[in-house]
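K.L.:
Below you'll find the structure I mean.
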């Protein structure tokens, strides 16, 4: 790559949930563009495998739902690679259930993973960016952060919270040269999607291709989003030319959200 294409040379990027799926593809793309990567992931095996595939990256195990685990993890990243310039909050999880069947424990679990974890990681990384007077925080939300979603009330509510957090931070820190944006993908071709299809087949008895078709109908382009499309959007938001883009919720959903 040319020097211009390596525009993230000298920048330290932290990507959570980077042991696979969207997070791994995002981390790989930022590394290609010259960034020094810290990979954060709960699963130690996935973390080790991802780090082996991204030369020079630093693996850090983290449980983003626990305050006492987040600060030490970010301190470890800082010790290895210096102050943090870019944070991509990518950890997420969903449970499909009728509203009246959701327990308080299930509700809190989904809130902790999707919203509390994002809050804790933002709080851990932001001081570095304020000190450097430059930073990018990109929160991976979902298309259901911009609309309602039957049978995924807790997940949709949590991702709405992520969008609200992102917009509020963008206003509070608008004059600091730190930008905050959400990316809101539709159904994306990952292992998580495959597990979702498995659950649909198991719970309904429908053939797998019928289950996939039901999800594809939500996308006017009638296709699943590719992780690389999300990674390219993250990369674009990290460019200096994107400085005026803040507080936005960017739908990558084939026209599902307009």
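The values are calculated or read from the model by the stated rules, or taken from the named source; none is laboratory data. On a predicted model such as this, the values are computed, not experimentally measured, just so you know. Virtual Cβ from ideal backbone geometry, glycine too; neighbours counted across all protein chains shown.
K.L.:
If you check 82, 23, which single one turns out to be assigned by TED's automatic domain parsing to the domain that holds residue 131, buried (at least 24 other Cβ atoms within 10 Å of the Cβ) and either under 16 Å from the mean Cα position of the chain (by Cα) or touching a residue at least 60 places away in the same chain (Cβ under 8 Å) (or both)?
P.N.:
After ruling out the rest, the residue left standing is 23.
K.L.:
If a residue has to be under 14 Å from residue 126 (Cα atoms) and at pLDDT below 95 to count, how many in segment 58-95 make the cut? Before you say what the answer is, go through the steps one by one.
P.N.:
Let us first name the residues in segment 58-95 that are under 14 Å from residue 126 (Cα atoms), namely 70-71, 74-75, 77-78, 82-89.
Within this subset, residues satisfying the condition of being at pLDDT below 95 are none.
Total meeting the criteria: 0.
K.L.:
As an exercise: evaluate residue 244 against (1) in the same structural domain as residue 149 (by TED's automatic domain parsing); (2) surrounded by 12 or more Cβ atoms within 10 Å (Cβ to Cβ); (3) not in a helix (DSSP H, G or I) and give the number of the one condition it does not meet.
P.N.:
Evaluating residue 244 over (1) in the same structural domain as residue 149 (by TED's automatic domain parsing); (2) surrounded by 12 or more Cβ atoms within 10 Å (Cβ to Cβ); (3) not in a helix (DSSP H, G or I) leaves (2) as the failure.
K.L.:
Is segment 45-52 home to any residue that is in the same structural domain as residue 21 (by TED's automatic domain parsing), without any contact (Cβ under 8 Å) to a residue 24 or more places away in the chain and within 13 Å of residue 27 (Cβ to Cβ)?
P.N.:
Looking through segment 45-52, at least one residue is in the same structural domain as residue 21 (by TED's automatic domain parsing), without any contact (Cβ under 8 Å) to a residue 24 or more places away in the chain and within 13 Å of residue 27 (Cβ to Cβ).
K.L.:
Of these, 165, 192, which one is part of a helix (DSSP H, G or I), in contact with a helix residue (DSSP H, G or I) (Cβ under 8 Å, 6 or more places away or on another chain) and within 30 Å of residue 130 (Cβ to Cβ)?
P.N.:
165
K.L.:
Cβ-Cβ distance below 6 Å, separation of 6 or more or different chains: which pairs start in segment 173-197 with a residue that is at negative phi and without any contact (Cβ under 8 Å) to a residue 60 or more places away in the chain and end on one that is in a helix (DSSP H, G or I) and crowded, with 22+ Cβ neighbours inside 10 Å?
P.N.:
Hits for this filter: 178/129.
K.L.:
Follow-up question, since we're still on this one. For residue 208, only one of the following conditions fails: (1) at pLDDT 95 or above; (2) out of contact with any strand residue (DSSP E or B) (no Cβ under 6 Å at 6 or more places or on another chain). What is its number?
P.N.:
With (1) at pLDDT 95 or above; (2) out of contact with any strand residue (DSSP E or B) (no Cβ under 6 Å at 6 or more places or on another chain) applied to residue 208, the lone miss is (1).
K.L.:
Looking only at segment 58-76, count every residue that is assigned to a helix (DSSP H, G or I) and under 14 Å from residue 42 (Cβ atoms) and tell me the total.
P.N.:
So the answer is 3.
K.L.:
Same structure, new question: Here is a check on your reading of the model: is residue 255 surrounded by fewer than 13 Cβ atoms within 10 Å (Cβ to Cβ), more than 21 Å from residue 20 (Cα to Cα) and under 21 Å from the mean Cα position of the chain (by Cα)?
P.N.:
Working: surrounded by fewer than 13 Cβ atoms within 10 Å (Cβ to Cβ): yes; more than 21 Å from residue 20 (Cα to Cα): yes; under 21 Å from the mean Cα position of the chain (by Cα): yes.
It is true that residue 255 is surrounded by fewer than 13 Cβ atoms within 10 Å (Cβ to Cβ), more than 21 Å from residue 20 (Cα to Cα) and under 21 Å from the mean Cα position of the chain (by Cα).
K.L.:
Can we say residue 206 is free of Cβ contacts under 8 Å to residues at least 60 places away in the same chain, surrounded by 13 or more Cβ atoms within 10 Å (Cβ to Cβ) and assigned to a loop (DSSP other than H, G, I, E, B)?
P.N.:
yes
K.L.:
Turning to a different aspect of this structure: Inside segment 235-249, can you point out the residues that are within 15 Å of the chain's Cα centre (by Cα) and over 12 Å from residue 8 (Cα atoms)?
P.N.:
Scanning segment 235-249 gives 248, 249.
K.L.:
Hey, another quick one. Filter segment 40-54 for residues that are assigned to a loop (DSSP other than H, G, I, E, B) and out of contact with any helix residue (DSSP H, G or I) (no Cβ under 8 Å at 6 or more places or on another chain); which is surrounded by the most Cβ atoms within 10 Å (Cβ to Cβ)?
P.N.:
So the residue we want is 42.
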